[in-house]
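Encoded as structure tokens, the structure appears first; notes follow it.
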Amino acid sequence: MPAVHNGVTALIATAVVGWVTALVLALVQRTFSRRTAWSLVVSGAIIVVVTVWWQLSTETFLRSGHVVAAASFFAFIAVAALASAVDAGRAQRSGYRGAYFAIAGGIVAVLLALLGVIVAGFFGAGVPDVGGLSPVFLGEAVALLLFAAFWTVQTVETWNDPDPSFRSGAPGNRLSAASGRVDA
């Protein structure tokens, strides 16, 4: 149990450091926006809830933490894919819009199927393995592939977008406006 306690404590500390780093970078780079604020509020709330849950009910955290974390992660990716679909629609990039909607729908379908597996297990109805693999493992693998697809589509979509730090007048701007090259 001490190793688990140390691991969870390290994860919470890392999350806090990441949260503070994201806030500082957004302020320093002048990229703080409404979307950034919402991300910080939601992620900060998650850090607080996880910390309180771990402190008040370690047993339920150990029993259910993975399920809650995995479902939350994939649900947030589905929300991000939906937000990206809306943004792509506004930018009239219908191909990307469709891809994002398909990814979000796929993740939601997998989460609903996994919920069915969990509920069936709760009521004692076993769900058989598929080819010797747990249906939960298979569901998470499919959701992970959909996450990789989201990441890939977003990378392709934004590949040629300019780095916001190169905007004229941005603090620490290394782009020479006259030559178009990056200064050392």
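Which FRET efficiency value, to the nearest 0.05, do you get for L133 and F32 by plugging their Cβ-Cβ distance into 1/(1 + (r/R0)^6) with R0 = 45 Å?
The value I calculate is 0.55.
Under the rule that an exposed site lies in a DSSP loop and has at most 15 other Cβ atoms within 10 Å, name the longest stretch of the chain with no trypsin sites (Lys or Arg not before Pro) of that kind, not counting the sites themselves.
Longest gap between qualifying sites, sites excluded: 31-166.
As I understand it, the dipole of the range 8-137 uses +1 on the Cβ of Lys and Arg and -1 on the Cβ of Asp and Glu, about the Cα centre. Which of A113, I103, V136 lies farthest toward its positive end?
I103
What percent does the relative contact order of the chain come to when contacts are Cα pairs within less than 8 Å and at least six residues apart?
16
Calculate, in nm to one decimal, what E59 and A83 gain on full extension: separation in residues at 0.36 nm each, minus their alpha carbon distance.
5.1 nm
Just grab the label-to-label distance for A125 and L144, each label 7 Å out from Cα along the Cβ direction, in nm (one decimal).
My value for the distance between the label points is 2.8 nm.
Rounded to the nearest Å, what's the spacing between the alpha carbon centres of the range 34-103 and the range 1-19? Just the number, please.
First find each Cα centre; the distance between them is then 20 Å.
Among F123, F150, what's the order by accessible area (1.4 angstrom probe), most exposed first?
On the way: F123 160, F150 15 Å².
So, going from the largest accessible area down, we get F123, F150.
Using a basic spin-label model with each label point 7 Å from the Cα along Cα→Cβ, how many nm lie between V17 and V52?
It is 2.6 nm.
Rounded to a whole number, what % of the accessible area of the range 1-123 do carbon and sulfur atoms account for, probe 1.4 Å?
That share works out to 73 percent.
Write down the radius of gyration of the range 88-148 and its Dmax, each obtained from C-alpha positions, in Å.
15.2, 49
Subtract the Cα-Cα distance of V42 and S72 from 0.36 nm times their separation in residues, and report this length gain in nm to one decimal.
Working: separation 30, 0.36 × 30 = 10.80 nm, distance 1.17 nm.
Length gained, V42 through S72: 9.6 nm.
Hey, what's the chain come to in accessible area per residue, 1.4 Å probe, Å²?
I get 67 Å² per residue for the chain.
The values are calculated or read from the model by the stated rules, or taken from the named source; none is laboratory data. Computed from a prediction, not measured in an experiment: that's the story for all the values here. So basically every Cβ, Gly included, is an ideal-geometry build from the backbone, and we count neighbours across all protein chains shown. Calculation scope for accessible area: heavy atoms of the full protein, side chains included, ligands and nucleic acids excluded. Shrake-Rupley method; radii C 1.70, N 1.55, O 1.52, S 1.80 Å.
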